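First comes the structure, then the notes that go with it.
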Amino acid sequence: MNTNYPLLETYQSIFSTDATPRKFFAPGRINLIGEHTDYNGGHVFPASISYGTYALATKREDSVFRFYSVNFSDSGIIECDLSSLAYDKTHDWANYPKGMIHHLLEAGFKIDSGADILFYGDIPNGAGLSSSASIELVTGVLLQGLFDLPIERIPMIKLGQKVENNYIGVNSGIMDQFAIGMGKKDSAILLDCQTLEYKYAPIKLANHVIMIINTNKQRTLAGSKYNERRSQCEAALSDLKTELPIESLGNLTVEEFENAKHLIKDPVNLVRAKHAVYENARTLEALSALTNGDLNKFGELMNQSHVSLKEDYEVTGTELDTIVEAAWNQAGVVGARMTGAGFGGCAIAIVEEDKAEDFKKNVNAIYQEKIGYEASFYKAAIGDGAKEI
């Protein structure tokens, strides 16, 4: 386990046992390009990272599940019974694993006893690197392992999205769970969010690194304007469908959109839809650039993506814009953009490795001067998806 935290000792102490639990891991994810395209039926281009969620678990004789998170130790052990898995606001973070148990049972899988489960995540909390989907998928592989569930990976991924949509109540797409469930070392995934067709693309960074920059501005997806953006895109799609035989904005090329955009009645909805269509096109161009080893072209597409998210989709905010604009002005930077839903959270930059320390120092100084507190920097290694370790 690539964590220095004494997880086994903590597990045995918290649950008063000398049992040796089984260990599971699910990564977080970054999306290299293709933002807010997933629920618009377009393509995304995520990769699973080396930061993520660890879970240690042992089956129990009774029907009680006990959850403990090292990250939320003040909450202590949160308990529920197999017979009472309804969402409970007071259970806070534990609703994610509970939702996964609930939806696996609902799908007909046999979970016939409880378990003691300890979680530990090294994803920065609230950073928008998808810690919630990471918890869902680590719970999925854990339950699959403990109860020998005959579940394939893509159905598990779909259940993770169901937890988010139906159980937690966040109207999110499938990208996060897919990237975390299907991640592959040194590869990104080009995913068609409508058909779930996917292909891996090699990430050959040569002498560059991917830098994740956390604004340290807390964001919660459910409370953000995410659902509003989604409904604006749905309204634009509805207008376009009056004359076009399309299922989603992701069906349109840039040219087709430009020829039909006069159908969209509301000017705000129009620019939201414009972002979804143009961003989808950028994502396909990005695959071609990376396949050809053209990192500079990929960087240009990242920059264009950020501008569109700022001006047309309006999901960036001062913190993300400050970081990205500072990054653009640094030596050795190929490209930079916000990643995730926006409204705080993280940006990513591709930087020459020997300029990475200067990059951190300079961007942080600009950020601190303008925003009043520091950003955090993480080098992202691209790793495998959810698994037992």
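The values are calculated or read from the model by the stated rules, or taken from the named source; none is laboratory data. Worth saying up front: this structure is predicted, and the values here are computed from it rather than measured. Note: ideal-geometry Cβ built from the backbone for every residue, glycine included; neighbour counts use all protein chains shown.
Checking the stated criteria, S50 turns out not to satisfy the condition of being farther than 25 Å from I157 by Cβ and either among the polar types (S, T, N, Q) or in contact with a helix residue (DSSP H, G or I) (Cβ under 6 Å, 6 or more places away or on another chain) (or both).
Condition check: modelled with pLDDT of 95 or more and in contact with a Lys or Arg (Cβ under 9 Å, 6 or more places away or on another chain). Does Y167 satisfy that? Answer is yes for this residue. Restricting segment 147-187 to residues that are among the charged types (D, E, K, R) and closer than 24 Å to K110 by Cα leaves a set whose member that is surrounded by the most Cβ atoms within 10 Å (Cβ to Cβ) is E164.
Condition check ((1) surrounded by fewer than 21 Cβ atoms within 10 Å (Cβ to Cβ); (2) not hydrophobic (A, V, I, L, M, F, W, C)) across all residues:
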residue: L290; (1), (2): no, no
residue: F298; (1), (2): no, no
residue: M302; (1), (2): no, no
residue: S305; (1), (2): no, yes
residue: E311; (1), (2): yes, yes
residue: V315; (1), (2): no, no
residue: Q330; (1), (2): yes, yes
residue: G340; (1), (2): no, yes
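On the stretch given as segment 157-168, residues that are closer than 9 Å to M100 by Cβ and among the hydrophobic types (A, V, I, L, M, F, W, C) total 2.
List the residue pairs whose Cβ atoms are under 8 Å apart, where the first residue sits in segment 92-114 and is touching a residue at least 24 places away in the same chain (Cβ under 8 Å), the second is surrounded by fewer than 23 Cβ atoms within 10 Å (Cβ to Cβ) and among the acidic types (D, E), and the two are 6 or more positions apart or on different chains. From segment 92-114, the pairs are N95/D88; K98/D88; S113/E61; S113/D62; G114/D62; G114/D81. In segment 276-294 there is no residue that is within 27 Å of S172 (Cα to Cα), in a strand (DSSP E or B), charged (D, E, K, R) and modelled with pLDDT of 95 or more.
This table checks each residue for (1) surrounded by 15 or more Cβ atoms within 10 Å (Cβ to Cβ); (2) out of contact with any Gly (no Cβ under 7 Å at 6 or more places or on another chain); (3) assigned to a helix (DSSP H, G or I).
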| position | (1), (2), (3) |
| --- | --- |
| K217 | yes, no, no |
| L240 | yes, yes, yes |
| L244 | yes, yes, no |
| E256 | no, yes, yes |
| K274 | yes, yes, yes |
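Can you name the residue in segment 7-55 that is of a type in the set (F, W, Y) and over 30 Å from V277 (Cβ atoms) and is also surrounded by the fewest Cβ atoms within 10 Å (Cβ to Cβ) among such residues? Top of the filtered list is F15.
Among E374, E279, which is surrounded by fewer than 18 Cβ atoms within 10 Å (Cβ to Cβ), of a type outside the set (K, R) and out of contact with any Lys or Arg (no Cβ under 6 Å at 6 or more places or on another chain)?
The unique qualifying residue is E374.
Which fully enclosed strands (runs of 3 or more DSSP E) of segment 168-215 have 1 or more residues being at negative phi and in contact with a Cys (Cβ under 7 Å, 6 or more places away or on another chain)? Here the list reads 208-214.
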